[in-house]
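The values are calculated or read from the model by the stated rules, or taken from the named source; none is laboratory data. Here the structure is a predicted model, which means the values were calculated and not measured. Reconstructed Cβ throughout: ideal geometry from the backbone, glycine too, with neighbour counts over all protein chains shown. Areas reflect the complete protein model, heavy atoms only, side chains present, ligands, DNA and RNA absent. Shrake-Rupley method; radii C 1.70, N 1.55, O 1.52, S 1.80 Å.
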Amino acid sequence: MAGFVVRRVLSRAVLVVLAGSLAYLLAASVLDPRAAFEGRTPRPPEAVVDARLDSLNLNDRTPLADRYRTWALGVLHGDFGRTQEGEPVDAELWRRLGVSLRLLVPGGVVGGVLGILVGAYAAAKRGRVADRVVTGGACLLLAVPVFVLAVLLQAAAAMVNDALGVRVFVWVGEGEPRDFADQVRHLLLPMAVIALAQCALYSRYQRGLMLDVLRADFVRTARAKGLSRRDALLRHGLRTAFVPMTTYFAYASGLLILGGVFTEKVFGRHGLGEWLVDSMARGDVNAVAAIDCVAACSVLLAGLVSDVLNGVLDPRVRSGAVP
């Protein structure tokens, strides 16, 4: 198992380097930091603008290879550079990462667990009313963009608050830092958006896997030995169907991060998603590259966790019999 994990870590490390480099090169090629000085009155002289951009390694007149070399050497020393305002990217990056994790982790966990359970239940009730309700609800959620779902939940929460005459739901910002109950109130709606989107993804995939398992020979054999349909499903079917779900976890993590970007912007949570949107609008290359690097590391880390879980549940993966 140790050798399997080491091989996966090394392969993911290479992918992290490639993803981070590509993120910076794309941001430096597409974004225009110089445009931030165009609207100033009076506009600074060109020499002053160049000097300012040079000090931040953002000058588009410097060859891209030289800018990338400077940026990469800084990253190797743990320095992602500075924002257009001259502030260190690192401090803001880690602060906002904490904000994003407080939203994405509980939302992703609740949505994933609920989606797996609901998908398995729908498969067990195939063709019945419960299956149709779950399938229809999942398809509806998948068809609604995350930012639309967020606005709809806000509107529904506002109606509930008006009907009760009490602000049960509060959703703008994070709440008071030292008031845990207030933070939970602010977290409920954005977490619900993330959880519902993830639940729809996982339930559809889990339902299909469980339907395949229910028709498998080993489940029929377990039933023939005297196990009830419920016991055969829980003891044999659910674990077998869960193995492919570990692979799907890596892909769903990317959609989780993307959904977090829109959710943070709609709910005014000052995390990485909101910072990414604002930084792209300002042409802040270093901030965008740093956020993309963290996102790439998160997805690849999810892939590593997926590989390890797959290896734990399926011995053939550890032995190399299955790629």
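Taking N as the number of residues in the range 141-237, what is its alpha-carbon radius of gyration divided by 2.2 N^0.38 Å?
1.68
Along the three principal axes, how long is the range 99-166 when you take its alpha carbons, biggest first, rounded to the nearest angstrom?
Between the extreme Cα coordinates on each principal axis of the range 99-166 lie 41, 31, 22 Å.
Need one value: the accessible area of Ser228 in square angstrom, 1.4 angstrom probe, rounded to the nearest 10.
Ignoring ligands and nucleic acids, Ser228 comes out at about 50 Å².
Hey, can you find the accessible area per residue of the chain for me, probe 1.4 Å, expressed in square angstrom?
For the chain, the per-residue accessible area is 53 Å².
For an R0 of 45 angstrom, estimate the FRET efficiency from the Cβ-Cβ distance between Leu26 and Asp217 and round to the nearest 0.05.
0.35
Which trypsin sites (Lys or Arg not before Pro) in the range 162-202 sit in a loop by DSSP (not H, G, I, E or B) and have at most 13 other Cβ atoms within 10 Å of their own Cβ?
Here the trypsin sites (Lys or Arg not before Pro) that fit, given the DSSP loop and packing criteria, are Arg167, Arg178.
How would you rank 263-270, 103-110, highest first, on the average number of other Cβ atoms within 10 Å across their residues?
Packing proxy ranking, top to bottom: 263-270, 103-110.
Given a 1.4 Å probe and the protein chains all in place, what does the accessible area of Asp307 round to, in Å² to the nearest 10?
20 Å²
Order Arg282, Arg132, most accessible first, counting only protein heavy atoms with a 1.4 angstrom probe.
From most exposed to least exposed: Arg132, Arg282.
Would you list the membrane-span-like helices of the chain, meaning whole DSSP H runs whose alpha-carbon atoms span at least 24 Å along their axis and whose mean Kyte-Doolittle value is at least 0.5?
2-30, 89-124, 146-164, 180-214, 238-267, 285-313
Among the GluC sites (Glu not before Pro) within the range 1-95, which fall in a DSSP loop and have no more than 12 other Cβ atoms within 10 Å of their own Cβ?
Glu38, Glu85
Gap in Å between the Cα centre of the range 266-302 and the Cα centre of the range 127-152?
First find each Cα centre; the distance between them is then 28 Å.
Between Arg269 and residues 5 or more places away or on another chain, which pairs have amide H atoms under 5 Å apart, with H built 1.01 Å from N, and which residues are they?
Here Gly173 satisfy the definition.
When the Kirkwood hydrodynamic radius is evaluated over all pairs of different C-alpha atoms of the range 26-120, what value in angstrom, to one decimal, is obtained?
So the Kirkwood estimate lands at 16.4 Å.
Calculate, for Ala91 and Val151, the FRET efficiency according to 1/(1 + (r/R0)^6) with r their C-beta to C-beta distance and R0 35 Å; round to the nearest 0.05.
About 0.65, to the nearest 0.05.
Give me, ordered by chain and number, the residues 5 or more places off Arg82 or on other chains with an amide H under 5 Å from its own placed amide H.
Val89
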